[in-house]
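The values are calculated or read from the model by the stated rules, or taken from the named source; none is laboratory data. All figures in this text were calculated on a predicted structure; none of them were measured in a lab. Glycine also receives a Cβ, built like all others from the backbone with ideal geometry; neighbour counts cover every protein chain displayed. Heads up: the accessible areas ignore ligands, DNA and RNA and are worked out on the full protein's heavy atoms, side chains in. Shrake-Rupley method; radii C 1.70, N 1.55, O 1.52, S 1.80 Å.
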Amino acid sequence: MIPHKWPRFTLPFHTLLLPLLALTLAFTLLFSGITQASNSSEARPAERKVASFAGPEYWRAIQQGDSGRTQSQATEANQLINVQGEEWRLWRNQWVTPAGAYAMGGTLAVLLLFYILVGQNKLDSPRTGSTVERWKRFDRALHWTVATLFIILAISGLTLLYGKFFLRAALGDSLWGNYAIACKLAHNYLGPLFVLALLVMIIKWMKHNFFNSTDIKWFMQGGGMVGKAHPSAGYMNGGEKAWFWVLTIAGLVVCISGLVMDFPNFGQYRETMQLANLIHGSVSLLLIAASFGHIYIGTAGTEGALEGMKSGHVDEAWAKQHHDLWYNEVKNGESDK
């Protein structure tokens, strides 16, 4: 029996290689597609979440002040954008800052004009050489402590509010930045000391600063700043009492609003801090402008006025002219000073 011989088919090597490569590539692409589809299905919820966060509806909501949820327990941590901040910025930049500049500049201009037209309020009679004690050592130390802190706080506060408009260009970014930080630290740390010193001064001097009928006459005669008349006055005249109450009321407002910003660790809301900033800045600027009048009268405006706060004693001629009722009490031994 002759065995059957099957025909032999001989194919070239390159003919077999190409289908194998094609088959391998097909399996590779199929496996890669399955893997990508799996990964895509797993990540799709997160991607949708991120996409929704970045969408216009999300940003429109938070820009309108909508709050969400967060793990943080801090005050207002659930609110991403403080929408009241823009309103606060406009009030500060468009109202408080320019109004304060006008108030201070206008006050200085009026005082300069008054000094040019009227001049210093001089003594009518020569000095006697005899003096009376007007301010005790503690009173003078208290006054200069409050005054020094007030000046430092005023300079540092004005620097932080107005310095960027002219000091930054003059000093350069680096030096201006260091100076601004120093002003901020001085303002924050010396502020509470000013609060304590002011409270002591208010309590110590309040008994001398209640208005009476003599003060009304003093105001009606212009305090003796204009003309020849010198109205009668006790230990404190009407102008000094007015300044005391301006400093007391405005100073307490400045101190309270300053403490609200100085100690944010008590959980104040951002809106509360912004309101405190506007009140603090506005009243501080008005108080600084008013202080120019007090400084003027106590130095260049009135001859011999500064001597009492420097040495504690004033010439008898000065006492008779400006505080005659108190001078008579001193000479009669009736004064409690």
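Could you list, in sequence order, all residues of the range 171-188 that are charged (D, E, K, R) and without any contact (Cβ under 8 Å) to a residue 24 or more places away in the chain?
Within the range 171-188, the subset charged (D, E, K, R) is 173, 184.
Within the range 171-188, D173 is the sole residue that qualifies.
Based on this model, can you work out whether Y102 counts as among the aromatic types (F, W, Y) and either closer than 28 Å to L325 by Cα or not in a helix (DSSP H, G or I) (or both)?
Values: among the aromatic types (F, W, Y): yes; either closer than 28 Å to L325 by Cα or not in a helix (DSSP H, G or I) (or both): no.
So Y102 fails the test.
Before we move on, is L198 out of contact with any Pro (no Cβ under 8 Å at 6 or more places or on another chain) and open to solvent by 40 Å² or more (accessible area, probe 1.4 Å)?
Details: out of contact with any Pro (no Cβ under 8 Å at 6 or more places or on another chain): yes; open to solvent by 40 Å² or more (accessible area, probe 1.4 Å): no.
No: the conditions fail for L198.
Here is the figure for the range 207-229: residues that are surrounded by fewer than 18 Cβ atoms within 10 Å (Cβ to Cβ) and either more than 21 Å from S291 (Cβ to Cβ) or in contact (Cβ under 8 Å) with a residue 40 or more places away in the chain (or both) total 14.
In the range 295-337, what residues are among the acidic types (D, E) and either buried (at least 19 other Cβ atoms within 10 Å of the Cβ) or not in a helix (DSSP H, G or I) (or both)? E303, D315, E334, D336 - these are the residues of the range 295-337 that are among the acidic types (D, E) and either buried (at least 19 other Cβ atoms within 10 Å of the Cβ) or not in a helix (DSSP H, G or I) (or both). Here the condition is being surrounded by fewer than 12 Cβ atoms within 10 Å (Cβ to Cβ) and among the aromatic types (F, W, Y); of Y189, Y162, Y115, Y179, it holds for Y189 alone. Does G267 satisfy the condition of being open to solvent by less than 70 Å² (accessible area, probe 1.4 Å) and at pLDDT 95 or above? No, not satisfied.
Which members of the range 124-138 meet the condition of being within 22 Å of A197 (Cβ to Cβ) and crowded, with 17+ Cβ neighbours inside 10 Å? It would help to see each step written out before you state the result.
Within the range 124-138, the subset within 22 Å of A197 (Cβ to Cβ) is 134-138.
Within the range 124-138, R134, W135 meet the criteria.
On the given criteria, is G191 without any contact (Cβ under 8 Å) to a residue 40 or more places away in the chain, closer than 28 Å to P264 by Cα, out of contact with any Ser or Thr (no Cβ under 6 Å at 6 or more places or on another chain) and not hydroxyl-bearing (S, T, Y)?
Numbers: without any contact (Cβ under 8 Å) to a residue 40 or more places away in the chain: no; closer than 28 Å to P264 by Cα: yes; out of contact with any Ser or Thr (no Cβ under 6 Å at 6 or more places or on another chain): yes; not hydroxyl-bearing (S, T, Y): yes.
It is false that G191 is without any contact (Cβ under 8 Å) to a residue 40 or more places away in the chain, closer than 28 Å to P264 by Cα, out of contact with any Ser or Thr (no Cβ under 6 Å at 6 or more places or on another chain) and not hydroxyl-bearing (S, T, Y).
Would you mind stating whether L285 is within 13 Å of the chain's Cα centre (by Cα), under 23 Å from T145 (Cβ atoms) and surrounded by 15 or more Cβ atoms within 10 Å (Cβ to Cβ)? Here the answer is yes, as L285 does meet what is asked.
The single condition from (1) open to solvent by less than 80 Å² (accessible area, probe 1.4 Å); (2) farther than 30 Å from K310 by Cα that I152 fails is (2).
Scanning the range 225-236 for any residue that is over 28 Å from W144 (Cβ atoms), assigned to a helix (DSSP H, G or I) and modelled with pLDDT under 95 turns up nothing.
So, G251, is that one under 24 Å from G106 (Cβ atoms), without any contact (Cβ under 8 Å) to a residue 24 or more places away in the chain and either in contact with a Pro (Cβ under 9 Å, 6 or more places away or on another chain) or not charged (D, E, K, R) (or both) or not? Criteria not met by G251.
Considering each residue of the range 144-170, count those that are farther than 18 Å from V254 by Cα and either in contact with a Phe, Trp or Tyr (Cβ under 8 Å, 6 or more places away or on another chain) or without any contact (Cβ under 8 Å) to a residue 40 or more places away in the chain (or both), and give that number. Give the steps one after another, and end with the answer.
Our first condition is that a residue be farther than 18 Å from V254 by Cα; within the range 144-170, this holds for 144, 162-170.
Next cut, either in contact with a Phe, Trp or Tyr (Cβ under 8 Å, 6 or more places away or on another chain) or without any contact (Cβ under 8 Å) to a residue 40 or more places away in the chain (or both) only: 163-170.
Residues that pass the stated criteria total 8.
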